[in-house]
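What follows is a short report on a single structure.
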Amino acid sequence: MSKTLVDIDIDDDKPALAQRKLGTRSKRETIDRALTTASAASADDRARALRRLQENADAFLDFDVLAERERAGL
């Protein structure tokens, strides 16, 4: 496994939030976990999700249904 040393300027709030969400202890561990998680979603996974969204868009975008679910506390 090769390694790359990266010197970047990033907002401290973003890694801190990611660290809390991922349960990691250091920036290095946080970046490693985030990259691993991001790369785990394959193109096939994204294509399936997009296809599902397209096939069910009417149900997802039906504001009457959303309003009814909100009234029902769902």
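Key figures for this structure:
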{"read-out": "Condition met for I8 (β-branched (V, I, T), open to solvent by 100 Å² or more (accessible area, probe 1.4 Å) and without any contact (Cβ under 8 Å) to a residue 24 or more places away in the chain)", "value": "yes"}
{"read-out": "Complete set of residues in segment 15-53 that are basic (K, R) and within 14 Å of the chain's Cα centre (by Cα)", "value": "K21, R33, R46"}
{"read-out": "Sole exception among (1) in contact with a Pro (Cβ under 9 Å, 6 or more places away or on another chain); (2) of a type in the set (D, E, K, R); (3) surrounded by fewer than 10 Cβ atoms within 10 Å (Cβ to Cβ) for R25, by number", "value": "(1)"}
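The values are calculated or read from the model by the stated rules, or taken from the named source; none is laboratory data. Keep in mind that what you see is a predicted model, and the values were worked out from it rather than measured. No Cβ is skipped: glycine too gets one built from the backbone with ideal geometry, and neighbour counts run over all protein chains shown. We work out accessible area using only protein heavy atoms, side chains counted, and drop any ligands, DNA or RNA first. Shrake-Rupley method; radii C 1.70, N 1.55, O 1.52, S 1.80 Å.
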